[in-house]
Every structure is written in C-alpha cells, then in structure tokens.
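Each remark here refers to the structure printed beneath this line.
Just so it is clear, none of the values below were taken in a lab; they were calculated from the coordinates. All of these numbers come straight from a predicted model, not from anything done at the bench. Backbone-built Cβ (ideal geometry, glycine too); neighbour counts: all protein chains shown.
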Ligand code: NDP
Ligand code: GDR
C-alpha cells in the first residue's frame with residue numbers, strides 16, 4: 001500500500017485528491033490546522049472516526065485509510081515529526097494562503113506559508129534521509145505568469161508575478177527545482193491554471209458568483225458585488241486537475257507541467273453563464289466602476305425577482321493593487337507526455353456549481369423562513 005501525505009487536505013484540491021488516492025488504495029495522511037470551528041467539511045464524507053470502526057468491528061472500508069494530523073506549514077518541527085512518523089512515498093504540498101487579494105493584506109504571512117512552508121517540507125524530507133523515497137508535488141500556479149509575456153502560457157514562458165502570493169509561489173517553484181537538481185529528489189511543479197468546483201472557497205470569484213446569484217433568486221441577497229469583470233481566466237474543473245497531480249508523481253522522471261484547458265473567458269461571461277443557468281439574462285449598463293447588471297427576459301419565475309432589478313454592481317474594494325488581466329494556458333506537454341486532457345467543460349462545471357448553490361440557497365431560505373437562521377454568510 002502506498003502512503004501519501006497531503007498538506008491542505010481540508011481545501012478544495014486536497015479533498016478531491018484524498019478521494020482519488022483512497023480510491024486507488026493509498027493510505028492517506030493529511031495535515032489540518034487547528035481552528036476554533038470545524039474545518040473538515042470537505043473531507044468529512046471520507047473520514048471514519050476510529051471509535052466507529054472499533055465499535056462496528058466490521059471490515060474496514062477505504063475510508064479508514066485516511067488519517068489526519070494537526071499541523072501547520074509555519075511549524076518545522078511539527079512537519080518533521082509528521083513526515084518522520086508517516087514515511088510517505090508521495091508528498092503533495094497543496095497547503096497555502098491561496099487568496100491573491102488577501103496576500104496584499106497579509107504579505108508576510110503569505111510568504112511564510114507559501115514560500116518558507118515549501119522549503120520547510122523539502123528540508124524535512126532531506127533531513128530525515130527520505131529524499132530518495134518521498135516524491136514531492138508542489139502546487140505551483142499560473143499566477144507566476146502574472147503580467148503575461150507570451151500567449152498562451154507554457155512551461156517555457158517567463159514568469160512575472162504580480163502579487164505577494166505569486167512572488168511567494170515563485171520562491172516555492174524554484175526551491176522545488178533546486179532540491180530536484182541539488183539532491184536528486186523526485187520533486188516537480190504542477191503549474192495549474194484556475195480550477196473550480198462546487199467545493200471552491202466562497203470568496204474566489206466563480207463560487208462567489210454562483211453562490212450569490214443563487215442566493216438572489218431565493219431572496220437571501222439583493223446584489224452581487226464584484227471587482228474587475230474584464231479579467232480573463234482559463235478555468236478548469238478541480239477533479240480533472242488533481243488527477244494530473246497524481247499522474248505527475250507516477251512518471252519515471254520528475255518534470256514540471258502546465259495544466260490548463262486552453263480556453264479563456266472573462267469574469268463577466270462567467271456571470272452571464274451562471275445567470276443563464278438560473279433562467280436569468282443580464283443587460284449590462286454603464287461603464288467601468290459604474291457598470292451594473294440588470295435582469296432582462298426573466299424566463300424562470302422567482303418570487304423576489306423582477307425584470308429591471310439590478311443584480312450585479314461593481315465595487316472598487318474588490319479591485320487589486322496590481323491585477324493579472326489575462327491568463328490562457330497551453331497544456332500540450334501534459335497531453336503529449338501523459339495523455340492528460342481535461343474532461344469537464346466550463347459549461348458542465350457552471351451547471352454543477354449553480355445546481356449545488358441553488359440547492360444550498362433553497363435550504364437556507366427554508367431555514368430562514370422558519371426562524372432557524374438569521375442571515376446567510378457572505379463576503380463583506
Ligand atoms: P484552498 O484555499 O481551498 O485550500 C488551501 C489549503 O491550505 C486548506 O486546507 C487550508 O487549510 C490550508 N492551509 C492554509 N494555510 C495553511 C498553513 N499555514 N498550514 C497548513 N495548511 C494551510 O486552495 P485550493 O485547494 O484551491 O488550492 C490548493 C493549492 O493549489 C494551493 O496551494 C493553491 O495556492 C494552489 N493553486 C490553486 C489553484 C486553483 O485554481 N484552485 C490554481 C493554482 C494553484 P484551512 O482549510 O484550515 O483553511
Ligand atoms: P485568482 O482567483 O486571483 O485568479 O487566484 P479569483 O477567483 O480570486 O480571481 C479571479 C479574477 O476575478 C477577478 N475578480 C474577483 N475576484 C474575487 N476573488 N472576488 C471578486 O469579487 C472579484 N471580481 C473580479 C479578480 O480580480 C481576478 O482577476 C486563484 C487562486 O485559486 C490562486 O490560489 C491560484 O493560484 C490562481 O487562481 C491560479
């Protein structure tokens with residue numbers, strides 16, 4: 001049985017990767033942070049409490065091959081102890097302060113976790129003499145390309161990071177390459193473009209859009225507030241991308257790969273597609289910071305919605321000090337070497353996310369109508 005260690009197992013990718021590895025028969029260990037409230041919602045369905053297993057006395061399903069350890073990427077001794085105990089065949093470093101806008105607010109913490117955290121993990125593997133046993137995957141990012149120097153972006157495109165997050169990830173990218181070259185470690189970077197799902201964090205733009213529009217149809221919110229709607233992104237589905245993370249560690253030699261769909265849409269188009277799924281079409285009025293989205297041709301009846309209502313507004317607070325305007329990846333190398341191609345289209349992903357968030361909104365509306373909750377959380 002192969003043993004894998006995942007940092008960031010409680011995040012979007014961590015949860016899908018854990019699922020995939022458990023299905024493949026791995027023993028999976030994950031690092032979770034101590035928090036004042038539960039933070040394991042995305043993996044609760046995979047985890048079986050030891051007491052339940054003992055009490056049942058029944059044969060163990062794959063779920064009992066999942067083990068969680070308290071830890072943090074800012075804590076070297078903790079990381080070293082966990083790696084020493086787990087003796088992993090594969091380490092997936094998915095843990096990060098992953099929000100670009102937040103990295104402008106907390107640049108030092110972002111560097112500590114995203115840059116130094118990667119070094120701490122690599123150094124722990126080396127210090128424990130596991131550099132020939134433990135294969136290492138680093139969650140690198142299209143944000144490295146930042147102010148793009150070439151369209152589309154591929155493995156050879158020069159980097160130009162545009163945020164404290166991207167600069168920290170640049171360090172992590174190069175330290176991974178360095179440990180590969182200096183110590184012969186099997187260490188590689190997946191340069192992943194944006195990938196989303198119904199498990200995406202609620203403050204990233206796609207999930208914010210699907211959640212907010214679904215809430216609006218149920219009378220839980222009035223308006224979606226966004227920043228730069230002209231930003232262009234190459235959005236894929238997280239399930240397709242974690243498959244590639246695993247594939248990268250199964251090769252003979254460690255290599256870095258761009259993972260993308262090769263198709264690009266704007267934030268505005270993502271809003272339109274999500275609204276269309278809900279039976280709403282949007283007319284855009286005004287320009288720049290004054291732009292608004294107004295309902296037209298409402299094809300599905302919602303008690304709280306009227307034609308002509310403003311449901312999208314630009315809020316300058318969501319503009320970033322330095323923006324990445326356009327990203328478009330070329331996944332040709334991944335296809336040629338590994339046969340990887342994305343299987344889920346953007347339209348299928350939007351459909352999944354909207355259906356999920358509409359279901360959630362309906363439940364919340366029911367709870368609210370019956371006095372069980374007062375407000376639904378949203379980004380302020
Ligand atoms: P999420 O934000 O959903 O998950 C991040 C994970 O990291 C969470 O489990 C979080 O824990 C954990 N984490 C945060 N800070 C620390 C810390 N100090 N110590 C240990 N763990 C920590 O991100 P995604 O799943 O979307 O992304 C996974 C990785 O891939 C990240 O490194 C991200 O930067 C990178 N990436 C993501 C892309 C995307 O489009 N999704 C594209 C390219 C790269 P908690 O749940 O407690 O917050
Ligand atoms: P990104 O994702 O910064 O690309 O980083 P995000 O969804 O946050 O932003 C995408 C684009 O949308 C614009 N935008 C808004 N963004 C947010 N979050 N909220 C808004 O209201 C809003 N309005 C417009 C942004 O300005 C940006 O241009 C994600 C993260 O997962 C990183 O960890 C990962 O490395 C990269 O993708 C690839």
Quiz item: Pairing the Cα long axis of helix 12-23 with the longest principal axis of the chain, what angle in degrees results, from 0 to 90 and rounded to the nearest 10?
Solution: 50 degrees
Quiz item: Of the listed peptides 66-74, 38-46, what is their order by residue-averaged count of other C-beta atoms within 10 Å, with the highest listed first?
Solution: 66-74, 38-46
Quiz item: Once the Cα atoms of helix 117-127 and of the chain are each reduced to a long axis, what angle between those two axes, in degrees from 0 to 90 to the nearest 10, is obtained?
Solution: 20 degrees
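How much length is gained if the chain between residue 204 and residue 150 is pulled fully straight, taking 0.36 nm per residue apart and subtracting their Cα-Cα distance, in nm to one decimal? Write out the running numbers ahead of the final one.
Numbers: separation 54, 0.36 × 54 = 19.44 nm, distance 2.53 nm.
Once the chain is fully extended between residue 204 and residue 150, it gains 16.9 nm.
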Practice problem: Calculate the tail of P(r) for the chain: the fraction of all Cα-Cα distances greater than 33 Å, expressed in %. | Solution: 33 percent
Quiz item: Using the per-residue mean of other Cβ atoms lying within 10 Å as a proxy for protection, in what order, highest first, do the peptides 367-377, 90-100 fall?
Solution: 90-100, 367-377
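Looking only at segment 149-307, where both bridge partners belong to it, what percent of the DSSP beta bridges are antiparallel (to the nearest 5)? Don't skip to the end; give the middle numbers.
Values: 7 of 12 bridges.
Percent antiparallel among DSSP bridges in segment 149-307 is about 60.
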Self-check item: segment 213-270-segment 25-48 distance, computed between alpha-carbon centres (Å)
Solution: 23 Å
Self-check item: Among 155, 23, 196, residue whose mean-square fluctuation peaks in a GNM of the chain (springs only between Cα atoms under 10 Å)
Solution: 23
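Would you mind ranking 356, 237 so that the residue whose beta carbon has the fewest other beta carbons within 10 Å leads the list?
Values: 356 17, 237 22.
So the ranking, lowest neighbour count to highest, is 356, 237.
Which order do the peptides 138-144, 358-364 take when ranked by the mean count of other beta-carbon atoms within 10 Å per residue, highest first? Working shown, then result.
Details: 138-144: 25.1, 358-364: 16.7.
Most protected by this proxy first, the peptides run 138-144, 358-364.
If you rank 188, 223 by fewest surrounding Cβ atoms within 10 Å, what's the result? It would help to have the intermediate numbers written out before the result.
On the way: 188 22, 223 15.
Ordered by Cβ neighbours within 10 Å, fewest first: 223, 188.
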Quiz item: Taking the chain as a Gaussian network, Cα atoms linked when under 10 Å apart, which of 31, 151, 125 shows the biggest mean-square fluctuation?
Solution: 151
Quiz prompt | For segment 170-214, diffusion coefficient by Stokes-Einstein and Kirkwood Rh (Cα), 4 °C, 1.567 mPa s, µm²/s | solution = 99 µm²/s
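Quick check of the Kirkwood formula: for segment 3-192, what is the inverse mean of 1/r over all pairs of different Cα atoms, in Å? Intermediate values should be presented prior to the final figure.
On the way: mean 1/r = 0.0577 Å⁻¹.
17.3 Å is the Kirkwood radius here.
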Self-check item: Most mobile of 179, 171, 302 in a GNM of the chain (Cα contacts under 10 Å)
Solution: 302
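What does DSSP give for the chain in terms of the percent of beta bridges that are antiparallel, rounded to the nearest 5?
On the way: 10 of 44 bridges.
For the chain, the DSSP antiparallel bridge percentage is about 25.
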